[in-house]
């Protein structure tokens, strides 16, 4: 009987990993490329070369994934990006979306 109870307890103790969210940064015609690189370095902790490459990906397409994080972190990074852009007068759009 002790074995049966132990098995049920082990099954109930499995930890679910949190859903992951992508932070998307969208291309626009008004935000300077240098500012986007600065955001990627400062907010998303990208190396300079990786930030430039990602910025070019954003520039050539409609958007790119700046990072993948748990929901709260992704939302915070997206909000920080938008707030910083607005403080500089840029319309840069960033949002956190649930990873498929």
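The values are calculated or read from the model by the stated rules, or taken from the named source; none is laboratory data. What you are looking at is a predicted structure, and each value in this text was computed from that prediction instead of being measured. Note: ideal-geometry Cβ built from the backbone for every residue, glycine included; neighbour counts use all protein chains shown.
Being assigned to a loop (DSSP other than H, G, I, E, B) and in contact (Cβ under 8 Å) with a residue 12 or more places away in the chain is the filter; apply it to the stretch 77-100 and report the residue that is surrounded by the most Cβ atoms within 10 Å (Cβ to Cβ).
92
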**OP:** Kindly provide the set of residues from the stretch 52-69 that are in contact (Cβ under 8 Å) with a residue 40 or more places away in the chain and surrounded by 14 or more Cβ atoms within 10 Å (Cβ to Cβ), ordered by number.
**Re:** 64, 65, 66, 67, 69
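Checking the structure you have, find out if any residue of the stretch 68-79 is at pLDDT 95 or above and in contact with a helix residue (DSSP H, G or I) (Cβ under 9 Å, 6 or more places away or on another chain).
Taking every residue of the stretch 68-79 in turn, at least one turns out to be at pLDDT 95 or above and in contact with a helix residue (DSSP H, G or I) (Cβ under 9 Å, 6 or more places away or on another chain).
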Original post:
Inside the stretch 38-51, can you point out the residues that are within 17 Å of the chain's Cα centre (by Cα), surrounded by fewer than 19 Cβ atoms within 10 Å (Cβ to Cβ) and assigned to a helix (DSSP H, G or I)?
Top reply: 38, 41, 42, 50
Original post:
Identify, please: which residue in the stretch 11-31 is in contact with a helix residue (DSSP H, G or I) (Cβ under 9 Å, 6 or more places away or on another chain), modelled with pLDDT of 95 or more and assigned to a loop (DSSP other than H, G, I, E, B) and is, among those, farthest from residue 88 (Cα to Cα)?
Top reply: 27
